[in-house]
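One structure is given here, and the rest of the page talks about it.
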Amino acid sequence: MASALKNLSQYDENALPSAADLRFGIVVADWNAQITHALYQGCLETLLKHGAKEENIHMIQVPGSFELPAGARLLAGAHKLDAIVAIGCVIKGETNHNEYINNSVALGLTNLGVATNIPCIFGVLTPNDEQQALDRAGGKHGNKGIEAGVTAIRMAALKQALQ
Ligand code: DLZ
């Protein structure tokens, strides 16, 4: 018989499994570095707080968000990983560049996760302006890097449990 569903809220840090034996990749885009570095800090601190070992966390930087899927693929080829977090910030400008980048990154990470069996977490902010980004990188809406870290721990634990 299937077990009953637990009432988990998606980013509840109290309900997380230990990250002690889990291996993570983090890819950080250099565009809008003030934002992406804050997201990275939030993500890293969350992984460490839940027991991840520093030697099991592999970080690389890529120029912009468009390069996140390729960076994640390279990281997956270089290390044994249970989850990868892609961190970027694409701010809407005068043209539609943000839509091309965001759609491409989302699809690229989705395809990579399915193809490699390594969950890829979308830690990319898609704000209309810089203030919206700051609000989500340690400001009034919290730090979305923490949420990405929580999601990575849950998905990495699932991968280890089911493989
Ligand atoms: C070119 C570009 C622009 C205009 N804006 C952003 C942005 O807001 N956030 C981001 O991460 N990257 C941006 N880029 C760079 C692209 O992601 C990519 O690095 C270049 O188009 C080279 O492939």
Efficiency of FRET between GLU45 and ASP135 - r from beta-carbon atoms, R0 22 angstrom, step 0.05:
0.70
Counting only residues 5 or more apart in sequence or on a different chain, those whose built amide H sits under 5 Å from that of ASP30 are VAL62, GLY64
The Rg/Rh figure for region 1-80, Cα atoms and Kirkwood Rh, to two decimals is 1.06
Over 23 Å (Cα to Cα) among LYS49/LYS92; LYS92/LYS144; LYS6/LYS159; LYS6/LYS140; LYS92/LYS159 -> LYS49/LYS92; LYS6/LYS140; LYS92/LYS159
Residues whose placed amide H lies under 5 Å from that of ASN143, excluding near-sequence neighbours
GLY138
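Bear in mind these aren't lab numbers, they're just calculated from the coordinates by the rules spelled out. Fair warning: this is a prediction, and the values are worked out from it, not measured in the lab. So basically every Cβ, Gly included, is an ideal-geometry build from the backbone, and we count neighbours across all protein chains shown.
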